[in-house]
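The values are calculated or read from the model by the stated rules, or taken from the named source; none is laboratory data. Here the structure is a predicted model, which means the values were calculated and not measured. Positions of Cβ are generated from backbone atoms using ideal geometry, with glycine treated the same way; all protein chains shown enter the neighbour counts.
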């Protein structure tokens, strides 16, 4: 590592030991390379030197190391955000990212490209996720569908940090394992969202003192987007009495309600000593609940002298009829986007 040195804090060069400095794309620091750079390598292109959070990158035909750029100097440049999905939440994020001085829109992808073309300049539109690296994102944010993480998640983590907005995808052991493995170089971020008390529950899980965790979600029947038997059961509700649609493990529930139970999936990841099989989820459809989404979290800890430690929180999120996402969730998710990144490899909450 003696060959690598930061020589000029406000100028970035890629320099071989026997040649003059070669100007690169970022005006942030000087990088000394311990070998000659071939003439055919362009160190000024964004694809050759990705901006601005990597500690390591690969130049075409040459493997090199890029040390300490954005991670230790976050004030140097806005964080570039790639957004995958352009529904209500994706559109909200795109607008807020463009307004923020600390963020910069890198790209937006949507399955139906025409919806994006109506709102954004062509320079922001990614038509093929296989080419997302061309937009040089620092953070890729998925707000589309759990299937995106299964197909593209490992590739995203080769390009940038990845915020998985549909953590129900992690209920698949195959997907969780593949993303954890891919997070060896970049960070995989899970938004806490409506799951309050994340840090405390993670601490209890670390110590093995978390004994039980149950998450109950109560919504108007029109606010659920369900599949299989839960869809049929929800469609049959016609009275004003609340109906329990499901109660059991979060792993079984996630594929039946992939758009509704991201909070439960986040809980299962935080409560890692219980996991998706041990954390319990409950869905209740209440026809009288017309203005709110309610999330109840029940934590049970160790028994001391015959008395059990317990915590119960209740969150009331304003929501309209037929709204899958509550009103406060939008601002909460934007906050997660701002907090994500810069923590290094591994799984992180934001």
Could you please let me know if residue 300 is touching a strand residue (DSSP E or B) at 6+ places or on another chain (Cβ under 7 Å) and at pLDDT 95 or above? yes
How many residues are assigned to a loop (DSSP other than H, G, I, E, B), in contact with a helix residue (DSSP H, G or I) (Cβ under 8 Å, 6 or more places away or on another chain) and at pLDDT 90 or above if we restrict to region 190-215? 2
Can you tell me which of 299, 337 is crowded, with 16+ Cβ neighbours inside 10 Å, in contact with a helix residue (DSSP H, G or I) (Cβ under 9 Å, 6 or more places away or on another chain) and part of a helix (DSSP H, G or I)? 337
Within region 257-268, which residues are in a loop (DSSP other than H, G, I, E, B) and touching a strand residue (DSSP E or B) at 6+ places or on another chain (Cβ under 8 Å)? 257, 260, 261
Every residue from region 269-294 that is in contact with a strand residue (DSSP E or B) (Cβ under 8 Å, 6 or more places away or on another chain) and assigned to a helix (DSSP H, G or I): 269, 270, 276, 277, 278
When region 296-350 is examined, which residues are found to be over 24 Å from the mean Cα position of the chain (by Cα) and closer than 30 Å to residue 179 by Cα? 298, 299, 300, 301
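Conditions tested, residue by residue: (1) surrounded by 19 or more Cβ atoms within 10 Å (Cβ to Cβ); (2) under 20 Å from residue 335 (Cβ atoms).
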residue	(1), (2)
102	no, yes
105	yes, yes
113	no, no
123	no, no
Options 337, 324, 295, 279: the member that is outside the structural domain of residue 255 (by TED's automatic domain parsing) and closer than 29 Å to residue 236 by Cβ: 324
